[in-house]
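The values are calculated or read from the model by the stated rules, or taken from the named source; none is laboratory data. In this text the structure is predicted, and so the values were computed from the model without any measurement. Ideal geometry is used to build each Cβ from the backbone, glycine not excepted, and the neighbour counts take in all protein chains shown. Ligands, DNA and RNA are excluded from the accessible area calculation, which covers all protein heavy atoms including side chains. Shrake-Rupley method; radii C 1.70, N 1.55, O 1.52, S 1.80 Å.
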Amino acid sequence: MAQIPPYKICFVPKSKEEEEEDEKIYKRYSEIAAATLPTTEGWTGKPMYQYQGFWYNSGLHGIGPLAVQDHFKARPSDILLASIPKSGTTWLKSLAFAVINRKSNPPSAQQQHPLHIFNSHDLVPGLEWLLYNNNLNALSGSRIVYICRNTKDTLVSWWHFNNKMRSNISLDAMELEEALHWFCKGMSSFGPFWEHVLGYWKASLERPQNVLFLKYDEMVVEPVLHLKKIAEFMGCSFSPIEEKEGLVDEIIKLCSFENLSNLAVNKTEKNASGLPNSSFFRQGKVGDSSNYLSPEMLEQLDRITEQKFHGSGLKL
Ligand code: A3P
């Protein structure tokens, strides 16, 4: 394997003892969830739990958000990336990682860039999988970059993803009608979709210095503008020299769907949580859902989205 220069990682590595301690904490929360929370059968045949109005997958780490809520203390310098699944998380993680590490790991480094060797979910792990437990308790001041995507493409992407997961464990594919039914009832992972998006939207209006609200669909159309916005928000704006040298375009190219989805690491390997990296890449297009959803389904989703977002100023 090529030698890669050191890069900033997004978590404090833990000792074996600390990891074992975390596992015990996760196990305790899983047991509490199983015993006390409303449950339904999830999209991959395992239970989902409802906690504080949102649905979480079961399994040791699926219920991680409960543990994180009790144990995670953000520091003012922390930057968190947030999303509901299938909104462009993999892309945002790649962009944020490439921006933060551009000095030590220039995007032009190709085979020596960490994104050529690891999937972005391994470079920027999910908080719910990695119990982040430190003793600093200044919550205010930390920043969140949130990404969302139009309702219809999110649903169709999620349906495809879940059917891949189902086929991995020999379950029949779920019909799109059924997926739509549960999605509209709010019973998809981390759903209800609309409340998830609205929560971050409102927070971004109230505290724009703390929450950057991004739309996948707009990022696809204007990646340069958005990448600059992300860098500025994270406190590492591109300098005029960097812009002149083409760094913004290089990062966009490095993190493009075409580049990342064709890398060997993303075609053949699995990430740390055991999912094939390829499952995070499908089409990477805006509007693909109209190839799957009937006019009635499209209309139903548009109607709900309009009702839910009414008066909020948000349009997806
Ligand atoms: P599609 O299923 O519509 O293709 P998440 O990362 O939140 O799980 O979202 C997955 C969606 O983002 C998938 O959408 C996937 O193809 C798309 N995606 C993954 N990497 C991308 C990239 N680098 N640029 C644009 N879209 C990307």
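For this structure, a couple of remarks:
- Other-chain or far-sequence residues with amide H under 5 Å of W55's (modelled H): F190, G191
- Mean separation of Cα pairs under 8 Å and 6 or more residues apart, divided by the residue count, gives the chain a relative contact order of 21 percent.
- Phi angles across segment 269-279 convert, under the Karplus curve 6.51 cos²θ - 1.76 cosθ + 1.60 with θ = phi - 60°, into 3J(HN,Hα) values of 9, 10, 8, 4, 8, x, 7, x, 4, 4, 5 Hz, Gly and Pro given as x.
- One chain, two ends: S294 and E177. Fully extended at 0.36 nm per residue, the span grows by 41.1 nm beyond their Cα-Cα distance.
- The chain - share of DSSP beta bridges that are antiparallel (%, nearest 5): 45
- On the principal axes of its alpha-carbon atoms, segment 100-258 has extents of 52, 39, 36 Å, going from largest to smallest.
- A simple spin-label model places pseudo-atoms 7 Å from Cα toward Cβ; at Q112 and T39 they are separated by 5.3 nm.
- Theoretical gain in end-to-end length, K253 to E195 [0.36 nm per residue, Cα-Cα removed]: 17.6 nm
- Computed from backbone phi, the HN-Hα couplings of segment 198-204 come to 4, x, 6, 4, 4, 4, 5 Hz, rounded to whole numbers (Karplus: 6.51 cos²θ - 1.76 cosθ + 1.60, θ = phi - 60°; Gly and Pro given as x).
- Directionally averaged shadow of the chain, computed from the convex hull of its alpha-carbon atoms, nm²: 16.9
- Phi angles across segment 16-28 convert, under the Karplus curve 6.51 cos²θ - 1.76 cosθ + 1.60 with θ = phi - 60°, into 3J(HN,Hα) values of 4, 4, 5, 5, 5, 4, 4, 4, 5, 4, 4, 4, 4 Hz, Gly and Pro given as x.
- Exposed-loop-free span, longest in the chain, where trypsin sites (Lys or Arg not before Pro) count as exposed if DSSP calls them loop and at most 15 other C-beta atoms lie within 10 Å: 186-284
- Simple spin-label estimate for L205 and Q69 in nanometres, 7 Å along Cα-Cβ: 2.4
- Spin-label zone in segment 80-117 - amide nitrogen under 15 Å from a point set 7 Å from the Cα of S312 along the C-beta vector: 83-85
- Per-atom-type breakdown for segment 13-71 gives carbon and sulfur 52% of the accessible area (1.4 Å probe, protein chains only).
- Potential lengthening between I32 and E245 on full extension [0.36 nm per residue; Cα-Cα distance subtracted]: 71.3 nm
- Rounded to the nearest 0.05, the FRET efficiency derived from the C-beta distance between K185 and K267 at R0 = 35 Å is 0.50.
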